[in-house]
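Asker: Can you keep this structure in mind? I'll have questions shortly.
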Amino acid sequence: MVARLVPLVLLALLGAIHAQLWTGRGSVHHVRDMQQRIAEQQAANDQARQKNERLQSEVNDLKEGLDMVEEKARYELGMVKPGEVYVHVAPPKP
């Protein structure tokens, strides 16, 4: 009687493990679904990273751009800040 019971218990355990593999948490379908969700999240992260880099580049351009505008205004147009005195020295004649 016990000799017949052991194989039945082992078959039942094997069936339970097999059912868990195909239907439960950690199943083939669940793992495949999670891998796809990870891939989608990584793609979204890459897009966000690229957008952040673009925005950082724009911020840097604006910061440096204002310095460049100020420099051009000073040297090409002779503009001064409040409280400064502009002195133009002409180059010597040849």
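The values are calculated or read from the model by the stated rules, or taken from the named source; none is laboratory data. Keep in mind that this is a model prediction, so the values were computed, not measured. For neighbour counting, all protein chains shown are included, and Cβ atoms are generated from backbone atoms with ideal geometry for every residue, glycine included.
Asker: Kindly indicate whether any position in segment 6-17 is assigned to a helix (DSSP H, G or I) and either at pLDDT below 80 or in contact with a Ser or Thr (Cβ under 8 Å, 6 or more places away or on another chain) (or both).
Answerer: No, the conditions are met nowhere in segment 6-17.
Asker: For segment 21-79, enumerate the residues that are touching a Phe, Trp or Tyr at 6+ places or on another chain (Cβ under 7 Å) and within 30 Å of A90 (Cβ to Cβ).
Answerer: Initially, segment 21-79 is screened for residues touching a Phe, Trp or Tyr at 6+ places or on another chain (Cβ under 7 Å), giving 28, 78.
Scanning segment 21-79 gives a single hit, G78.
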